[in-house]
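Nothing in this text is a laboratory measurement; each read-out follows from the coordinates by a stated rule. Here the structure is a predicted model, which is why all the values come from computation and not from measurement. Note: ideal-geometry Cβ built from the backbone for every residue, glycine included; neighbour counts use all protein chains shown.
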Amino acid sequence: MYNKTFLQLDNYLTSLQVYWQFEAFHYSDYPWAETNIALSEFLDALSDLQLQHYQQYPDLLYAHIKGFINQLRPFDDALFMIKALPALESDAPFWLKAGIKGRKWSQISAFAQQVNSPYPIVEWCAGKGHLGRLICWQKQLAVTSVEWQQTLCDLGTAEAKKMQLPQTFQQTDVLTGEADNYINPACHAVALHACGDLHLHLIKQAKKNKPAQLSISPCCYHLTTQTIYQPCSLLGQTSALKINKQLLKLAVSKQVVSGKRQSDLSQQEVLWRLAFDELQKHALKTKNYCPLPSFPKALLSGQFETFVLWAMENKSLTFVVPNSLDIFLQQAKKRLKKVRCMELISQFFVRPLELWLVYDRALALQDSGYQVNIASFCDEQVTPRNLLIQAQLIAKIEGNNDD
Ligand SMILES: C[S@@+](CC[C@H](N)C(=O)[O-])C[C@H]1O[C@@H](n2cnc3c(N)ncnc32)[C@H](O)[C@@H]1O
């Protein structure tokens, strides 16, 4: 059912790879610097104010750059549209909502409204099991909540007990396969924001254990042990795209509005990281980017020199630090502008990439004999990871029980 859309997305992402398949920090110039000079010149000519404006309103940029990238589709192109499930009001009593923050409650109540089945529920990577508890109460279904952290299992168990609901917790690391047996043909597996490999394991397990229904809202595609993304559907496996872990982050990279102090700090952090990179390239006569791990933000309130010494120690680098580091900060400023311009362009591919990943998951379930539906289950403001894959087993596919 989704084959055609997946192929269209795949062609789109493949043919325009140069505009999104890069890690901006590793580049001192645009990856398309030589192949699309007009676009490069347009971006270089943007003032800081214009840059900020387009960062805030990226859709306004489309009209200016579509002439430079012929096949570029706008953010609201029909190919990227997903139907929204009707938002139904939850009639849950106040005591069931206690201790669940506003947006979390909106997420779980919207998700729970879409769970329609007669089967007992297995809640995959449940956290405190808020979703499971609501489904349990609302649909009067027994719920087994599988969660790795014992403390969350204990908290969830206490709540269920207090509310006298048939929800039980199983403390298990799903990646070891210990939870596989909970997935069986007489269950409905639900997974709200089980990261990367956690929901992939469930999809893989569905092929073997054939739960009657699945409802999965994927997130954090980059939290995986795969160095290069291995598509899970047969059609996905025919794709020429090679997407590494860093690039998977692009799929969840939509800018979130942060407070002024936080954005000032992160701007400075990026600048210092780039300035250190310029310095180490100069001192060590290398062209290789030097990534730094995360560090205490207090370092940003000190001097750049102190940051340099910390970075050298952290990366076990030895070189003589020049007396003046201004030149590296200047170079970093120029490079940061290029990085931001690269991000302006790659933002156009965030949604297509996430959809490509979600369609791949949906197609894998289709390969396993499921009828699949993809829709958004709540508003993007409630959670940007608002896509829901609903799958219902319709056929037993013979000889398809292997890995
Ligand atoms: C992003 S949270 C989602 C929790 C819950 N479904 C929700 O939406 O509120 C992911 C949960 O997966 C759990 N988790 C992480 N690794 C796991 C593993 N290997 N096995 C089982 N649960 C795991 C975490 O402890 C965390 O509670």
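To the nearest 500 deg cm²/dmol, what mean residue ellipticity at 222 nm is calculated for the chain from DSSP H runs of n ≥ 4 alone, each contributing -39,500 (n - 2.57), summed and divided by the residues?
So the calculated ellipticity at 222 nm is -12500 deg cm²/dmol.
Report the gain in length on full extension from Met81 to Gln371: 0.36 nm times residue separation, minus Cα-Cα distance, nm rounded to one decimal.
Result: 102.4 nm gained on full extension.
Mind checking Rg over Rh on the chain, alpha carbons, Kirkwood formula for Rh?
Here Rg/Rh amounts to 1.01.
For Cα pairs less than 8 Å apart in space and 6+ apart in sequence, what is the mean separation divided by the residue count of the chain, i.e. the relative contact order in percent?
Relative contact order, the chain: 22 percent.
With the chain treated as a Gaussian network of Cα nodes joined by springs under 10 Å, which of Asp154, Asp197, Asp77 yields the largest mean-square fluctuation?
Per the Cα network of the chain with a 10 Å cutoff, Asp77 tops the list.
For a test of the definition: using alpha carbon positions, the gyration tensor, and the 1.5 limit on a/c, classify segment 1-106 as rounded, prolate or oblate.
Since a/c reaches 1.5 and a/b is larger than b/c, the shape of segment 1-106 is classed as prolate.
Could you give the angle, 0 to 90 degrees to the nearest 10, between helix 350-367's Cα long axis and the longest principal axis of the Cα atoms of the chain?
30
Just want the ordering: Val122, Val270, from fewest to most Cβ atoms lying within 10 Å of their own Cβ.
Fewest-to-most ranking of Val122, Val270: Val270, Val122.
Under a plain spin-label model, where a point goes 7 Å from the Cα along Cα-to-Cβ, how far apart in nm are Leu88 and Gln55?
Once both label points are built, they end up 4.3 nm from each other.
With a/c under 1.5 counting as rounded, go ahead and sort segment 137-260 into rounded, prolate or oblate using the C-alpha gyration tensor (a ≥ b ≥ c being the square roots of the eigenvalues; past the cut-off, prolate if a/b is larger than b/c, else oblate).
Judged from the Cα gyration tensor, segment 137-260 comes out oblate (a/c at least 1.5, b/c at or above a/b).
Output the peptides 359-370, 323-334 sorted from most to least packed, where packing is the average of other Cβ atoms within 10 Å over each peptide's residues.
Order by mean packing, descending: 359-370, 323-334.
Gaussian network model of the chain, Cα springs within a sub-10 Å range: biggest mean-square fluctuation belongs to which of Val321, Val143, Val339?
Val321
Using only the alpha carbons of segment 340-395, what is the convex hull's orientation-averaged projected area in square nanometres?
4.5
Once the Cα atoms of helix 304-314 and of the chain are each reduced to a long axis, what angle between those two axes, in degrees from 0 to 90 to the nearest 10, is obtained?
For 304-314 against the chain, the angle is about 60 degrees.
How do Glu41, Glu159 line up, fewest other C-beta atoms within 10 Å first?
Fewest-to-most ranking of Glu41, Glu159: Glu41, Glu159.
If a/c stays under 1.5 just call it rounded; otherwise compare a/b with b/c (prolate if a/b is bigger, oblate if not). Do that for segment 54-113, with a ≥ b ≥ c from the square roots of the Cα gyration tensor eigenvalues.
Prolate.
If you rank Tyr27, Tyr54 by fewest surrounding Cβ atoms within 10 Å, what's the result?
Tyr27, Tyr54
Can you tell me the 0 to 90 degree angle between the C-alpha axis of helix 260-284 and the longest principal axis of the chain, rounded to 10?
60
Out of segment 334-390, which GluC sites (Glu not before Pro) are coil in DSSP terms and have no more than 13 other C-beta atoms within 10 Å?
Answer in residue order: Glu380.
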